[in-house]
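Trainee: Below you'll find the structure I mean.
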Amino acid sequence: MPALIRIRVLAVCGTRLWCAGAGPLTAGVSRAVRDDLTGLCAGMSVVGLDLRELRLPADDFLPGAPWPDGPGAIHLLAPDALRSRTAHDERVRWHTDLRTAWEAWSGPPG
C-alpha cells in the first residue's frame, strides 16, 4: 500500500501561505512532499508549515528536508527528528507551539 500524505492549505494572506501536512514520511516520499510544497509556495515570501502530524520512520534516513524551496522565511512546527535539518537553512524559524508560530507568520515582516 502506498504512503498517503495529506497537505492542506489553511490560510493565504498576500504572499504568505500556511500549510499543514500529515501522514507517513519515508525516504521515498520525502522528495515528493518537498516538490508539492515548493509548487504550492511558488511566489510566496513567508510560509508557515505545521508538520507535527508527520509520522517519521525510526530508522530510515530522509534524504532531505521536506519544506519548500523559494520563500524567504519558513515558520516551522515539526517533529523533533526534523529539527536537525533546520541547522543550515537560515530561512527556517523553529517554533515549539502553534500560537507563537501563527503570530510570527501573521505579524509584520522581519
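Trainee: Just to verify a result, which residue in segment 1-21, among those that are hydrophobic (A, V, I, L, M, F, W, C) and open to solvent by less than 10 Å² (accessible area, probe 1.4 Å), is farthest from residue 108 (Cα to Cα)?
Mentor: The extreme case among them is 20.
Trainee: So, residue 54, is that one modelled with pLDDT of 90 or more, among the aliphatic types (A, V, I, L, M) and closer than 21 Å to residue 29 by Cα or not?
Mentor: no
Trainee: Residue 87 passes all but one of (1) in contact (Cβ under 8 Å) with a residue 24 or more places away in the chain; (2) over 17 Å from residue 6 (Cβ atoms); (3) hydrophobic (A, V, I, L, M, F, W, C); which number fails?
Mentor: Going through (1) in contact (Cβ under 8 Å) with a residue 24 or more places away in the chain; (2) over 17 Å from residue 6 (Cβ atoms); (3) hydrophobic (A, V, I, L, M, F, W, C) one by one, residue 87 breaks only (1).
Trainee: Just checking: which of the strands (runs of 3 or more DSSP E) contained wholly in segment 23-110 hold 2 or more residues that are open to solvent by 10 Å² or more (accessible area, probe 1.4 Å) and not hydrophobic (A, V, I, L, M, F, W, C)?
Mentor: 46-55
Trainee: What single numbered condition from (1) within 18 Å of residue 82 (Cα to Cα); (2) over 13 Å from the mean Cα position of the chain (by Cα); (3) of a type in the set (A, V, I, L, M); (4) at pLDDT 90 or above fails to hold for residue 22?
Mentor: (2)
Trainee: So, one more: I'd like to check something: does segment 69-82 contain any residue that is modelled with pLDDT of 90 or more, on the phi > 0 side of the Ramachandran plot, out of contact with any Gly (no Cβ under 6 Å at 6 or more places or on another chain) and not hydrophobic (A, V, I, L, M, F, W, C)?
Mentor: No, segment 69-82 has no match at all.
The values are calculated or read from the model by the stated rules, or taken from the named source; none is laboratory data. If you're wondering where the values come from, they're calculated on a predicted model, not measured in any experiment. Reconstructed Cβ throughout: ideal geometry from the backbone, glycine too, with neighbour counts over all protein chains shown. For accessibility, only protein heavy atoms count, side chains too; no ligands or nucleic acids. Shrake-Rupley method; radii C 1.70, N 1.55, O 1.52, S 1.80 Å.
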